[in-house]
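Notes follow once the structure below has been shown.
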Amino acid sequence: MTSKDAAIARIMAGQRRFQLAMARDRSNPFFAVNLTMSQLKILFALRLHGGQGGHELAQKMGVSPATMTGIVDRLVAGRYVSRREDPQDRRVRLVELTPHGTEVVEGIMTVGEEHSRRLLARLSVDELDVVADAMDILGRALAAEADAEETGAEEAPAD
């Protein structure tokens, strides 16, 4: 194993420990909602990409339009999403997050932030600077990956 592989393994192990700690936090709204994983995926997709047609959502989620209709029907009944006519194409019904759906998704996302903030508060200023530098470095790697995906080019790994 190269030193780079060893460093990556160490980081991944730390990330798993961090994720397990987050999963043990029973105050997370994720554990309070009575939604299936498919329903949660749709809510997060709508949060990330905005309102979408049912066929488009079905394609993104890898399910049939009929399956998507059933899932969306249950989300509408729970007031997580709404349907409305697409002003661009009246044949299409846009599925959008309701304020309640947005609140659920934001609650799940921000509880992780609150837990992270509590953990970060335990660090010294010097340690926080190291974490902030690491986040900046990861942000640059994310941007490079997004650029590579956009152009279809593969980036050579930096050493």
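The values are calculated or read from the model by the stated rules, or taken from the named source; none is laboratory data. Just so you know, these numbers come straight off a predicted model, no measurement behind them. Virtual Cβ from ideal backbone geometry, glycine too; neighbours counted across all protein chains shown.
Checking each residue in the stretch 86-109 for being over 29 Å from N34 (Cβ atoms) and of a type in the set (K, R) picks out R90, R91. Can you tell me how many residues within the stretch 95-133 are of a type outside the set (D, E, K, R) and modelled with pLDDT of 90 or more? Of the residues in that region, 18 qualify. Where helices (runs of 4 or more DSSP H) fall wholly inside the stretch 1-118, the ranges with 3 or more residues that are surrounded by 14 or more Cβ atoms within 10 Å (Cβ to Cβ) are 37-49, 54-61, 65-77. Here's a check for you: in the stretch 143-155, which residue that is of a type in the set (A, V, I, L, M, F, W, C) and exposed (fewer than 11 other Cβ atoms within 10 Å of the Cβ) is modelled with the lowest pLDDT? Step by step, filter the stretch 143-155, then rank; the result is A153.
The listed residues are K41, K60, K4, and the only one of them that is in contact (Cβ under 8 Å) with a residue 60 or more places away in the chain and more than 24 Å from R117 (Cα to Cα) turns out to be K4.
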